[in-house]
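The values are calculated or read from the model by the stated rules, or taken from the named source; none is laboratory data. A quick note: this is a predicted structure, and the numbers were derived from the prediction, not measured. We place every Cβ from the backbone using ideal geometry, glycine too, and count neighbours over all the protein chains shown. Quick note on the areas: whole protein, heavy atoms, side chains included, nothing else; ligands and nucleic acids left out. Shrake-Rupley method; radii C 1.70, N 1.55, O 1.52, S 1.80 Å.
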Amino acid sequence: MADQGAGRRPKYQRIAADLRDAIQGGEYEPGGRLPGENELMATYGVARMTVRQALGLLQSEGIAEARKGAGVFVRSFRPIRRRGIQRLTEDTWTSGRSIWAADIEDRDLAVDRIEVTEESAPEHVASILGLAPEAAVCVRSRRFVLDGRPVLLSVSYLPAELVAGSPITREDTGPGGTYARLAELGAAPVRFREEIRCRMPSGDEADRLGLTSGTPVVLICRTAFAEGGRAVEVNEMTLDSASYVLEYEFDR
């Protein structure tokens with residue numbers, strides 16, 4: 001059935017829709033170059049600005065990406081399937097594996113721009129961790145890069161008194177990461193809570209994640225609780241929304 005509203009849509013949206021259908025139909029494969037501006041102008045009889053709006057729309061949707069001096073290409077980056085429950089099982093971090101192991105399979109993950117500091121807790125973090133206002137917390141800031149592409153910014157807050165002198169206060173926390181070290185401190189996480197929302201990125205976030213214009217971010221705030229209900233970590237994550245599929249699988 002024909003799209004009866006197609007004639008009322010702006011021309012750039014119709015061009016973007018045609019290109020999107022061609023991509024989904026396999027006419028343009030991942031990594032393949034889309035028609036150039038001159039070709040699209042001639043095909044549709046439109047101005048260059050209209051063509052640029054169409055290509056920009058595909059880029060904002062995460063379908064295409066521009067390469068300086070080369071054109072616009074179908075995005076070939078394989079999304080990360082973030083398995084929200086499996087990744088946090090005790091078997092993962094007690095075996096010495098990173099909780100990322102459930103997400104990345106055999107892909108190349110790097111963590112860069114690591115900073116570990118001791119600071120006064122932000123008000124909302126102090127409240128979650130049950131600390132006095134401006135109590136000291138260990139702050140672990142990291143950027144995760146997958147297959148050479150930044151995909152996530154992460155900032156963890158842990159009570160400074162709890163983790164003092166442990167590897168958690170160093171850049172390399174060792175096998176199993178922070179949760180394995182918390183277990184050694186007698187504060188193993190036994191329950192997690194994640195809150196998820198979306199918004200447009202700040203300028204700094206867009207720059208650090210290399211986001212194209214119009215790409216939103218997913219915010220995940222995870223709290224880890226030890227026995228007795230004590231909150232031992234708040235982890236605030238900022239994800240490139242075009243790089244992720246969030247998957248939650250659980251029994252009834």
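Results, tabulated for the structure shown:
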{"quantity": "Hits in segment 134-159 - residues which are at pLDDT 95 or above and assigned to a loop (DSSP other than H, G, I, E, B)", "calculated": "135"}
{"quantity": "Residue satisfying condition, being in contact (Cβ under 8 Å) with a residue 60 or more places away in the chain and touching a Phe, Trp or Tyr at 6+ places or on another chain (Cβ under 7 Å), within set 177, 210", "calculated": "177"}
{"quantity": "First in segment 98-121 and hydroxyl-bearing (Ser, Thr, Tyr), second anywhere and open to solvent by 60 Å² or more (accessible area, probe 1.4 Å) and at pLDDT 70 or above, Cβ under 9 Å, 6 or more apart", "calculated": "98/175; 120/133; 120/134"}
{"quantity": "Cβ-Cβ under 8 Å pairs, at least 6 apart or on other chains, segment 230-252 side within 18 Å of residue 155 (Cα to Cα), far side in a helix (DSSP H, G or I) and β-branched (Val, Ile, Thr)", "calculated": "231/128; 233/178; 234/125; 234/128"}
{"quantity": "From 115, 119, 161, residue being under 18 Å from residue 180 (Cα atoms) and open to solvent by 30 Å² or more (accessible area, probe 1.4 Å)", "calculated": "161"}
{"quantity": "Lone qualifier among 183, 187 - being more than 14 Å from the chain's Cα centre (by Cα) and either open to solvent by 30 Å² or more (accessible area, probe 1.4 Å) or under 23 Å from residue 113 (Cα atoms) (or both)", "calculated": "183"}
{"quantity": "So residue 197, is it among the basic types (Lys, Arg) and open to solvent by 80 Å² or more (accessible area, probe 1.4 Å)", "calculated": "yes"}
{"quantity": "Boolean, residue 173 is under 15 Å from residue 141 (Cβ atoms), among the polar types (S, T, N, Q), open to solvent by 20 Å² or more (accessible area, probe 1.4 Å) and not in a strand (DSSP E or B)", "calculated": "no"}
{"quantity": "Subset of segment 146-157 (residues that are farther than 16 Å from residue 122 by Cα and surrounded by fewer than 18 Cβ atoms within 10 Å (Cβ to Cβ))", "calculated": "147, 148, 149"}
{"quantity": "Those residues of segment 226-252 which are loosely packed, with under 14 Cβ neighbours inside 10 Å and assigned to a helix (DSSP H, G or I), in sequence order", "calculated": "227, 228, 229"}
{"quantity": "Residue 192 vs. criteria touching a residue at least 12 places away in the same chain (Cβ under 8 Å), out of contact with any Ser or Thr (no Cβ under 9 Å at 6 or more places or on another chain) and surrounded by fewer than 19 Cβ atoms within 10 Å (Cβ to Cβ)", "calculated": "no"}
{"quantity": "Members of segment 22-34 found to be closer than 15 Å to residue 73 by Cα and free of Cβ contacts under 8 Å to residues at least 12 places away in the same chain, listed by number", "calculated": "22, 24, 26, 27"}
{"quantity": "Qualifying residue in segment 244-252 (condition: hydroxyl-bearing (Ser, Thr, Tyr), at pLDDT 95 or above and under 28 Å from residue 168 (Cα atoms))", "calculated": "no"}
{"quantity": "Per-region count, segment 26-55, residues small (Gly, Ala, Ser), modelled with pLDDT of 90 or more and within 27 Å of the chain's Cα centre (by Cα)", "calculated": "2"}
{"quantity": "Filter result for the condition that a residue is touching a Phe, Trp or Tyr at 6+ places or on another chain (Cβ under 9 Å) and either under 30 Å from residue 154 (Cα atoms) or modelled with pLDDT of 95 or more (or both), over 96, 62", "calculated": "62"}
